1. Here's a check for you: in segment 41-60, which residue that is surrounded by 10 or more Cβ atoms within 10 Å (Cβ to Cβ) and of a type in the set (A, V, I, L, M, F, W, C) is farthest from GLY18 (Cα to Cα)?
2. Can you go through ARG58, ARG47 and tell me which one is part of a loop (DSSP other than H, G, I, E, B) and of a type outside the set (A, V, I, L, M, F, W, C)?
3. Is it the case that VAL38 is in a loop (DSSP other than H, G, I, E, B), surrounded by 10 or more Cβ atoms within 10 Å (Cβ to Cβ) and among the aliphatic types (A, V, I, L, M)?
Amino acid sequence: MIGSRLTAFWALVRRLSGDDAYERYLRHHAQAHPHEAVPGRKEFFKREQERKWDGVRRCC
């Protein structure tokens, strides 16, 4: 019982921190784009960083 709670808690922490983003992406990609090549972990995170931060304009 404690083990399952700890596992659920750890899964929540990984989800909130984005640590499981690549695993979630792989599941999505397999369902939505089964015939396309899957980018590696490095390429995925590079694309994500570019998507998140490209075009950000701040004064400070």
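1. Step by step, filter segment 41-60, then rank; the result is PHE44.
2. Within the list ARG58, ARG47, the selection yields ARG58.
3. The answer is yes for VAL38.
Values in this text are rule-based calculations from the coordinates and carry no lab data. Just so it is clear, the model here is predicted, and its values are computed rather than measured. Note that each Cβ is placed from the backbone with ideal geometry, even for glycine, and that neighbours are counted across all protein chains shown.
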